[in-house]
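Since the structure comes first, as structure tokens, the remarks are kept for the end.
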Amino acid sequence: MITSMTGYSRLEKVVGDFNLQIEIRSLNSRYFEIIPKIDEFLIEYETDFLDLIKKECRRGKIYFSINLKKISFKSDVLNINKDKLKIYLKGIEKIKKEIRSNEVVSLEYFLKIPDVFEYSNEIKMPKKKIILDSLKDALANFNKYRIKEGTFIKKDILLKIKIINKEMKKIIRLSAGNSKQELNRIREKISNLISNTEISEDRLLQEVAIILEKKDINEELSRLNGHLELLQDFTLSNEDIGKKSNFLLQEINREVNTIGSKVDNLETKHLVVSIKEKVEQIREQVQNIL
């Protein structure tokens with residue numbers, strides 16, 4: 001099963017008094033790298049987060065962020081700092097005795113006393129299991145996205161292999177049909193070059209045979225066919241094929257280049273160029289899979 005290295009997932013849910021936000025996105029890369037951005041409330045779980053991601057991801061550059069935002073204040077209360085209030089009350093009584101005053105101190109005065117009220121936050125943090133289960137859900141959606149992308153890549157690779165096979169068959173037909181013409185062309189060319197030289201017919205045929213052998217592309221076509229069959233098998237398998245396919249495409253490209261250097265027929269050369277274009281397009285797709 002082909003799985004794309006690029007993927008995206010976003011999960012947002014209410015957990016108690018908090019809004020939990022998880023985002024995972026990945027880009028293709030030769031190596032495996034996690035770039036985390038973790039809320040300070042959750043930093044103690046960083047190792048657990050990274051372990052979960054490592055279990056689900058094997059290659060690519062993974063950008064991961066997780067945040068908690070408080071959305072409810074129902075548990076917030078204001079408490080009176082009784083010790084501090086008592087100190088102020090005693091101070092006021094001393095002042096009243098000192099100046100011999102019976103004036104009543106208004107409530108407004110006490111409200112202006114610094115730190116007479118204490119803010120108490122009794123909100124409980126979400127349990128670790130809830131956070132980790134949410135990350136598992138986000139990773140499951142992330143992998144579904146990558147598998148879906150991989151399905152499109154698989155279809156595209158198989159289609160291009162089919163086109164290359166058709167173009168190979170055309171090259172084989174052209175090669176077989178032009179062999180007699182090629183023989184006569186080379187023979188005539190050698191004859192013109194050595195027109196003033198006595199050479200036996202057998203020697204002439206021997207030289208022509210040597211040249212034709214150097215231009216023979218049957219071995220390259222056979223190896224190319226074998227490589228394409230293997231690439232198709234890779235594409236249809238349930239394994240991670242990115243690295244193997246990339247190496248195989250190098251071999252395919254080498255055979256195609258050799259065929260292009262050996263043939264002289266213009267139509268065949270055009271077919272070789274078309275095959276090289278398809279191989280490069282497959283290579284670009286392979287760069288993006290596990």
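Values computed for the structure shown
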{"quantity": "Residue ID - farthest from the chain's Cα centre (by Cα), chosen from residues in the stretch 5-25 that are within 14 Å of Ala140 (Cα to Cα) and of a type in the set (Ser, Thr, Tyr)", "calculated": "Ser9"}
{"quantity": "Any hit, the stretch 10-20, residues being assigned to a helix (DSSP H, G or I), in contact (Cβ under 8 Å) with a residue 40 or more places away in the chain and more than 30 Å from Asp156 (Cα to Cα)", "calculated": "no"}
{"quantity": "Pair list, Cβ under 6 Å, 6 or more apart: the stretch 102-131 residue under 14 Å from Leu89 (Cα atoms) and among the polar types (S, T, N, Q), other residue surrounded by 10 or more Cβ atoms within 10 Å (Cβ to Cβ) and modelled with pLDDT of 70 or more", "calculated": "none"}
{"quantity": "Given (1) at pLDDT below 90; (2) closer than 16 Å to Leu158 by Cβ, index of the condition Ile252 fails", "calculated": "(1)"}
{"quantity": "Which numbered condition Ile123 fails, given (1) modelled with pLDDT of 75 or more; (2) of a type in the set (A, V, I, L, M, F, W, C); (3) surrounded by 10 or more Cβ atoms within 10 Å (Cβ to Cβ); (4) in a loop (DSSP other than H, G, I, E, B)", "calculated": "(1)"}
{"quantity": "Extreme residue, surrounded by the fewest Cβ atoms within 10 Å (Cβ to Cβ), among residues of the stretch 37-52 that are touching a helix residue (DSSP H, G or I) at 6+ places or on another chain (Cβ under 7 Å) and of a type outside the set (Phe, Trp, Tyr)", "calculated": "Asp48"}
{"quantity": "The stretch 232-269: number of residues that are touching a residue at least 60 places away in the same chain (Cβ under 8 Å), over 15 Å from Leu290 (Cα atoms) and not polar (S, T, N, Q)", "calculated": "4"}
{"quantity": "Test: residue in the stretch 130-150 that is part of a loop (DSSP other than H, G, I, E, B), out of contact with any helix residue (DSSP H, G or I) (no Cβ under 8 Å at 6 or more places or on another chain) and either at pLDDT 90 or above or not basic (Lys, Arg) (or both)", "calculated": "no"}
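The values are calculated or read from the model by the stated rules, or taken from the named source; none is laboratory data. Every value quoted in this text rests on a predicted model; they were computed, and no experiment measured them. Cβ sites come from the backbone with ideal geometry, for glycine too, and all protein chains shown count toward neighbours.
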